[in-house]
Amino acid sequence: MDSLPLHFNLQSRLCLIVGGGEQATAKARLVRAAGAHLRVVSPAITDELQDLAGTQDEVRNRRFEEADIEDIDLVICATDDEDLNARVARLAQSRHIPVNVVDNGALCTVTFPAIVDRSPVVVSVGTGGSSPILARRIREQLEKVLPGGLGRLATFLRGERASLKAKFPDVGHRRRVVERFLDSVNSERVLTGALPTGDPFESSDDDATGEVFLVGAGPGDPDLLTLRALQLMQLADVVLYDNLVSDDILDRVRRDAARVYVGKRGRDESTPQETINDLLVRLAGEGKRVLRLKGGDPFIFGRGGEEIEHLADHGIAFQVVPGITAAAGCASYAGIPLTHRDYAQSVRFVTGHPKDGHVVLEWQEFVHDNQTIVFYMGLGGLASICEQLVAHGKSPKTPVALISKGTLPDQSVVIGDLESMPATVAALEVETPTLIIVGDVVRLHGSLAWRR
């Protein structure tokens with residue numbers, strides 16, 4: 001280990017900043033956030049650094065003098081003058097004051113790590129000054145997996161610490177109790193800002209009730225998963241997924257989680273919704289953390305509302321994580337803005353699933369100008385959709401886009417109009433899932449399509 005990572009308590013301590021440029025400002029921003037007071041010494045100082053200096057701080061608009069280092073707890077030097085940097089470092093080290101010289105590791109006794117701030121949880125990543133860019137890249141990866149509510153969890157445990165010590169005086173027993181809590185539903189409740197139920201440190205593995213995570217998996221590209229979705233995918237004991245969840249997305253789920261397919265492929269029988277509802281209740285009742293993974297967004301044609309109603313009726317805890325719905329994801333990847341002030345001031349999402357070969361809708365509502373209509377699950381009813389829109393007054397030349405396997409590497413986009421589209425698609429081998437967009441915004445595909 002090249003250096004020992006320590007977390008420096010700077011509350012109300014005095015930090016000397018030598019320099020007044022952007023680098024000095026960035027460092028001052030960090031130590032100020034940690035509660036330090038500032039003494040800034042530089043002939044020129046940025047406006048932000050001037051603003052950072054509060055009423056208890058000092059700003060000395062001149063060159064550094066040896067007296068500036070008196071009564072200081074931390075020195076940061078960020079100037080373009082190498083001789084001055086070396087002088088400040090020598091003075092600090094002779095007084096045993098920690099010193100950081102920006103971009104000069106040889107003069108430093110302390111370096112600034114890349115920081116993931118979930119206060120009071122603070123995670124630091126350092127490379128000993130060898131590559132700050134690498135440290136930042138590692139921090140970016142940590143940002144993706146550490147929940148935003150981690151600080152709430154730490155604050156809660158801090159508040160319980162005294163009572164836990166009194167209740168469980170044996171250190172080993174207390175550690176096991178806290179570890180069990182961290183694996184429980186109550187831990188997840190605290191993370192999301194809710195209050196724990198009952199005594200969060202009394203539940204045993206035998207009587208624990210699990211939780212359901214209703215998570216939107218987005219339109220297909222795994223890089224479009226939300227951070228919260230990824231976090232919960234790593235917590236799940238079992239995952240229930242449908243046909244719109246790709247293998248690439250399933251690869252992001254915790255490796256040892258059990259997988260249960262509850263969708264429909266081709267002409268195979270689909271899993272009845274009632275069976276899915278009961279399965280969610282049963283698995284959660286067994287104490288499992290159940291990931292219900294749905295393509296797109298669970299509340300947009302995903303029957304997510306029905307599932308959480310059933311969970312609520314049975315007293316099962318749940319969380320809902322929205323996903324990028326197919327309309328937004330597929331349209332973006334096809335270069336078709338759903339609204340545009342020159343073409344459409346509103347957008348409607350409609351299920352285009354046919355019944356007996358016909359799509360039954362209030363067609364008169366969809367023929368107004370300046371709106372975009374998005375049909376989900378409309379491939380089988382495409383001919384009926386085009387016919388009904390024209391019959392109710394829509395121009396036969398209204399542009400139409402059919403997007404197949406949107407956001408995936410083999411995405412394809414077919415462009416036509418209400419008159420020509422059924423015949424065009426009939427002559428092609430179009431793969432599901434598909435999305436149909438009707439409206440003048442489709443004209444922008446030719447110039448805005450960025451994913452060919």
Taking region 309-325 and the residues there that are in contact with a Phe, Trp or Tyr (Cβ under 8 Å, 6 or more places away or on another chain) and at pLDDT 95 or above, the one that is nearest to T432 (Cα to Cα) would be T325
Looking at the structure I just gave you, is G302 more than 19 Å from L224 (Cβ to Cβ) and in a loop (DSSP other than H, G, I, E, B)? no
Contact list, first residue from region 137-150 and closer than 14 Å to L235 by Cβ, second anywhere and polar (S, T, N, Q) and at pLDDT below 90, beta-carbon distance below 9 Å, six or more apart or interchain, is V145/Q231; V145/Q234; L146/Q231; P147/T192; P147/Q231; G149/T192
Only unsatisfied item for A162, checking (1) in contact with a Leu (Cβ under 9 Å, 6 or more places away or on another chain); (2) assigned to a helix (DSSP H, G or I); (3) not charged (D, E, K, R), is (1)
Across (1) among the hydroxyl-bearing types (S, T, Y); (2) in a helix (DSSP H, G or I); (3) modelled with pLDDT under 95, S270 clears everything bar (2)
Here the residues within region 99-136 that are touching a Cys at 6+ places or on another chain (Cβ under 7 Å) and without any contact (Cβ under 8 Å) to a residue 40 or more places away in the chain are V99, V101, G129
All conditions in (1) over 20 Å from T109 (Cα atoms); (2) assigned to a helix (DSSP H, G or I) are true of A28 except (1)
The condition of being assigned to a helix (DSSP H, G or I), outside the structural domain of R289 (by TED's automatic domain parsing) and surrounded by 14 or more Cβ atoms within 10 Å (Cβ to Cβ) holds, among S124, S187, only for S187
Picked from region 121-147 (must be modelled with pLDDT under 90 and of a type in the set (S, T, N, Q)), the residue farthest from L227 (Cα to Cα) is S130
Of the candidates G198, G218, the one satisfying the condition of being surrounded by fewer than 22 Cβ atoms within 10 Å (Cβ to Cβ) and either modelled with pLDDT of 90 or more or not assigned by TED's automatic domain parsing to the domain that holds P433 (or both) is G198
Filter region 128-176 for residues that are surrounded by 12 or more Cβ atoms within 10 Å (Cβ to Cβ) and among the β-branched types (V, I, T); the one that is farthest from E202 (Cα to Cα) is I138
Of the candidates L279, L224, the one satisfying the condition of being in contact (Cβ under 8 Å) with a residue 24 or more places away in the chain and out of contact with any helix residue (DSSP H, G or I) (no Cβ under 8 Å at 6 or more places or on another chain) is L279
- Task: For S420, indicate whether it is surrounded by fewer than 16 Cβ atoms within 10 Å (Cβ to Cβ) and among the small types (G, A, S).
- Result: yes
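The values are calculated or read from the model by the stated rules, or taken from the named source; none is laboratory data. Keep in mind it's a predicted model, so treat the numbers as computed, not measured. Heads up, the Cβs are rebuilt from the backbone with ideal geometry, glycines too, and the neighbour counts pull from every protein chain shown.
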